[in-house]
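Written below as structure tokens is the structure these notes are about.
Bear in mind that the values in this text are calculations on the coordinates, not laboratory data. Worth saying up front: this structure is predicted, and the values here are computed from it rather than measured. Methodologically, a virtual Cβ is constructed for each residue, glycine included, from the backbone with ideal geometry; neighbour enumeration extends over all protein chains shown.
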Amino acid sequence: MSEQKENIIEENATEEDIKIDGKNSLEGKSRRNFLNWLLGITSSGLALLMTYPLLRYIVPPKLRQATVSSVELGKIDDFKKGRGEIFKFGRKPGLLIRTKNGDFKAFHATCTHLDCTVQYRDDLDIIWCACHNGVFDLDGLNISGPPPEPLPKYKVIIRGDKVIVKQESDA
Ligand code: FES
């Protein structure tokens, strides 16, 4: 090997390369392996610690649906004629409509197309879904737009001066 070539090799060599034939070489390698392993374990642990809360946030825990059979919404006079109000029935939204002639009607307020919340349009006297312009009549029938099925109804009970809604199937 020429002298010039040996100088180039020595310039590029690290401390590890220089000790390659001695005892220090093995110690250095095992120390480096151990540190790499420790770094890998620590990185994996940190990644798990950071990922777990993110996953818990993205995938909410399954909550049991509270069993609700009826909801008292207020007094008759609290509801003006020709108006609609969203209420909660358990965790689901409902829509109570007091028609222009004073009758009460209540529906599940979740659109049967893609689950948007519907609303009462007093100007057109319809139930309307703003997401894709779905239209239901005041009996909950899907009359226009993409909703494939009518809105399920709640039963409205007037007890004294109170307005109560119940599941349609309840007695
Ligand atoms: S979600 Fe109501 S029309 Fe599409």
* Structure fact -> P(r) over all Cα-Cα pairs of region 50-120, 10 Å bins from 0 to the longest distance, whole percent per bin, short to long, reads 17, 36, 26, 13, 7, 1
* To do: Net charge near residue 39: determine it from the other residues with C-beta under 13 Å of the C-beta of residue 39, scoring Lys and Arg +1 and Asp and Glu -1.
  => +2
* Packing rank of 127-133, 94-100, where each peptide gets the mean count of other beta carbons within 10 Å, highest leading -> 94-100, 127-133
* Extension gain residue 54-residue 116, at 0.36 nm per residue separation less the Cα-Cα distance, in nm? -> 19.7 nm
* Structure fact -> Once normalised by the length of region 70-167, the mean sequence separation of its alpha carbon contacts under 8 Å that are 6 or more apart gives a contact order in percent of 26
* Quick one: how many lysine pairs does region 70-167 have with C-alpha atoms less than 15 Å apart and a gap of 8 or more or different chains? Give me the count, please. => 19
* So what are the radius of gyration and Dmax for the Cα set of region 72-171, in Å? -> 12.8, 39
